[in-house]
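Here's the structure we're looking at; comments come further down.
The values are calculated or read from the model by the stated rules, or taken from the named source; none is laboratory data. Remember, predicted model here, so these are calculated numbers, not experimental data. Using ideal geometry, Cβ is built from the backbone for each residue, glycine included, and neighbour counts are taken over all protein chains shown. Note: accessible area is taken over every heavy atom of the protein model, side chains too, but ligands, DNA and RNA are not part of it. Shrake-Rupley method; radii C 1.70, N 1.55, O 1.52, S 1.80 Å.
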Amino acid sequence: MISIHKLLVAAVIFFTAASIYSCKKNIDDIPDDGGVKLDTANSTWADRLYDSVFFYAKEIYYWHDKLPAYKEFLPRQYKTSDTLMGLQKEVFQLTRYAKDGVGRSYEQAIDYDKYGQRIDDNSHAKFSYVAYTKSTMNGGAVSNALLNNDYSKNLKMTLDGKENNFGFVLGFIPAKYSYGTADSIDAAKVDSNSYVSFVRFITKESPAYYAGIRRGDYVTKLNGIIVNDDNINAVERALNGDHLNITTYKPSTKVEKNFSLNKSTYRFDPFFKDTVLTITSPNNGVSKKIGYAAYKSFTEFDSSSKEPLERVIQRFTSQGIQDLVIDLRYNGGGWVNTADNFVDYLAPSSAHGKVKMVNYYNTLMQQKKAIILKQLPQRDENDKIKPGLTYFDYDYSIESNTKKIAKKGSIDLPRIFFIVSSSSASASEMMINCLKPHMNVTLVGASFSDDGKKTYGKPIGFFEVRMGPENNSFSMWVSNFETKNALGEGGYYAGMSTDYQAFDDIRYDLGDPRERCFREAIRLILGDNKYTPPVTMSRYGGAIRSAATTDQGSMKDVRGISLGPVTNIYDMVIDPSK
């Protein structure tokens, strides 16, 4: 994700005498228009706005050649009293034309039903969108971030390494799946089929983190309200407040704890957890030193991610890890530049100087035939227009949009394991795809409210087009380019397929070998599909102790309940000049 203050070059179109419509642009100049001329003399500002969306898409949309002629599409038919809603409908309809090999729109959004099965969501396009410029994070934040300023500010803060919240997320699973563990919930008090709540993740440096709350904590009350699946709405209201009283309970010790939290702004560590474990299989004797890191989001590199990433890499290097597990199950993407740097650390030395990725724009843009880009002025880092320079001046050729690996650090492994989920998106998927040609990559899918068989699916990137007067402009992001790896592989619009699946076992902390996704990765590393941890990691360091009880039950068909989205899905927004 690229911030306007650092990298993004925004494009602003003013509907003045210099705009493309006031000079009475003839639709004869637009490919496949059927010879119709546009009436600009009698058109309104809104007419030209809807026309602009169509004309830009016709030249810069990745699937531009699938779009119909103006006289067939008739963009002004989407005009309503609510301009934003009308523009959203227009963009949505534009995304319906390009279809994959099975007849589905490349931009088909999806959701999941209560059984974890994918269902089509036709309320919006999966990638392309339009929003009030003032309601976005200056250069693109999250697909369909058509919300209020406070929400958008929070999105921007996340990618700057700051958040304003309590710092935790809850999830629900059936009470019976605690049976057989050291902290089995009393069946006499809670029906076995009732859903109970556990902390799903904790953001480091947050109010909840400093209070001592951790992933796997069993939460019984919020503001005195009993937490279960019968009162999820009340629980959500409590979580949306500025103050929260939270009660946790540990069945093994029968200890109840109460915490008082205030929502606050804090700078977080982008790593949820990092650790090094030496694990030996009791079945085949194989022993491996395994590095594990759970990464929250690709925050801005220099100001947020650089120091933590270097710290983690140095820890792995100094302890001589033999295998590596990167956990991206809650990572919705972020800054492309940060993902670039991450790849350079993870790639083997043999990949140095080889192709990392290529950004493919449409043929009109590659061949400098997207004339409409002459209307988009370049801007400097202070968002000021660069006189005489437009987006047409950039080079969209394949050669100029090819990045190569510049190996960093001394981690040099032939394989890597990723834990992913349907929330792993954008820059997360890009990083995985970049590494695939250069090393053996294995994906473990974390199932929860879905089956864990696919990542989110977002190989598409954007640059921003602003339309309208600067004090009341709209920002549009239509799919501009697709990212592919050194083998020309991409196209994971429906998500990357995972190689193995395991339940996102929120009863245990991230990095705990008992947690089923990590355990699955360990089994693959050891070559022992029956490995069960004989020890448990302390949450407060590297110490280990004997496990009181080992849970060996099956959770293959478990479906959890998510309380709201576990992460934001970020756009890959770039500056073509970079």
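Both radii were evaluated on the Cα set of the stretch 57-121; the Rg over Rh quotient, with Rh as the Kirkwood radius, amounts to 1.05.
Accessible surface for the stretch 209-345, divided over its residues, is 41 Å² per residue with a 1.4 Å probe. In the complete set of protein chains, residue-level accessible area for Ile232 is approximately 40 Å², probe 1.4 angstrom.
In the stretch 239-339, Rg over Rh equals 1.09, where Rg is the alpha-carbon radius of gyration and Rh the Kirkwood radius from pairwise Cα distances.
For the stretch 399-499, with all protein chains in place and a probe radius of 1.4 Å, 42% of the accessible heavy-atom surface sits on carbon or sulfur. A 1.4 Å probe, protein heavy atoms only, puts the accessible area of Lys484 near 50 Å². For the stretch 212-309, a crude dipole built from +1 on the beta carbon of Lys and Arg and -1 on the beta carbon of Asp and Glu, taken about the Cα centre, is about 380 debye to the nearest 20. Here the Kirkwood formula, the inverse mean of 1/r across different C-alpha pairs, assigns the stretch 226-291 a hydrodynamic radius of 16.5 Å. Straight-line cross-link reach from Lys436 at under 18 Å between alpha-carbon atoms covers these aspartates and glutamates, not counting any fewer than eight positions away in the same chain: Asp323, Asp327, Asp340, Asp344, Asp412, Glu482, Glu489, Asp499. Using every pair of separate Cα atoms, the Kirkwood estimate puts the hydrodynamic radius of the stretch 423-513 at 15.5 angstrom. For Lys354, the accessible area of its heavy atoms, probed at 1.4 Å with every protein chain present, is near 100 square angstrom. As a ratio to 2.2 N^0.38 Å, the alpha-carbon radius of gyration for the stretch 373-425 is 1.93. Here the spin labels are modelled as points 7 Å beyond Cα on the Cα-Cβ line, and at Leu413 and Val255 they lie 3.4 nm apart. Summary of packing: across the peptides 324-336, 160-172, the per-residue average of other C-beta atoms within 10 Å ranks them, highest first, as 324-336, 160-172. Its Kirkwood hydrodynamic radius, worked out from the mean inverse distance over all distinct Cα pairs, puts the stretch 340-381 at 13.7 Å. Taking the Cα atoms of the stretch 178-269, the ratio Rg/Rh between the radius of gyration and the Kirkwood radius comes to 0.97. Electrostatic tally near His352: other residues with Cβ closer than 12 Å to its Cβ, Lys and Arg +1, Asp and Glu -1, net +3.
The length gained on full extension between Asn193 and Thr265, counted as 0.36 nm times the residue separation minus their Cα-Cα distance, comes to 22.1 nm. The local environment of Val255, defined by Cβ-Cβ distances under 12 Å, has a net charge of 0 under the rule Lys, Arg +1 and Asp, Glu -1. For the set Ser422, Ser410, the ranking by accessible area, highest first and with no ligand, DNA or RNA atoms included, is Ser410, Ser422 under a 1.4 Å probe. Shown are His352, His124, His243, whose ranking by accessible area with a 1.4 Å probe and every protein chain present, most to least, is His352, His243, His124.
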